[in-house]
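Report on one structure; see the data block that follows.
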Amino acid sequence: MIQEFSPDVLVSDIGMPDTDAYIFMDEVRKISSIPVIALTACPEEINDSLTPDNKFQVHLAKPIAADELVACVATLTNRIRN
């Protein structure tokens, strides 16, 4: 799907029903170097050890304000909102 749509940024929840984001990201990294934002309900677990091999560029704690997510996407895509 990533190759088909060519998104600028991928936003992924860490907790997934059938897998986890780290396994998912192993698959994504095989085909893309897209910047990735990881969302987590457990902000106390956010640290550099969660991002082995730079699978995620940013970890954000949920709930997240829309403007914070937009700013993060803009930063990762080097876009500035006017």
Please specify each residue of the stretch 29-59 satisfying the condition of being at pLDDT 85 or above and surrounded by fewer than 17 Cβ atoms within 10 Å (Cβ to Cβ). R29, K30, I31, S32, S33, I34, A41, Q57
Exactly one condition in (1) more than 11 Å from the chain's Cα centre (by Cα); (2) modelled with pLDDT of 85 or more; (3) surrounded by 10 or more Cβ atoms within 10 Å (Cβ to Cβ); (4) over 15 Å from A61 (Cα atoms) is false for I2; which is it? (2)
Cβ pairs under 9 Å, 6+ apart, first in the stretch 66-82 and farther than 18 Å from D13 by Cα and of a type in the set (K, R), second outside any loop (DSSP other than H, G, I, E, B) and modelled with pLDDT of 85 or more: R79/V73; R81/V70; R81/A71; R81/A74
Take the conditions part of a helix (DSSP H, G or I), at pLDDT 90 or above, surrounded by 15 or more Cβ atoms within 10 Å (Cβ to Cβ) and at negative phi and apply them to V73. Does it pass? yes
Considering the stretch 4-21 alone, what residues qualify as being among the small types (G, A, S) and over 16 Å from K55 (Cβ atoms)? S6
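The values are calculated or read from the model by the stated rules, or taken from the named source; none is laboratory data. Here the structure is a predicted model, which is why all the values come from computation and not from measurement. Quick reminder, even Gly has a Cβ in these numbers, built from the backbone with ideal geometry, and neighbours come from all protein chains shown.
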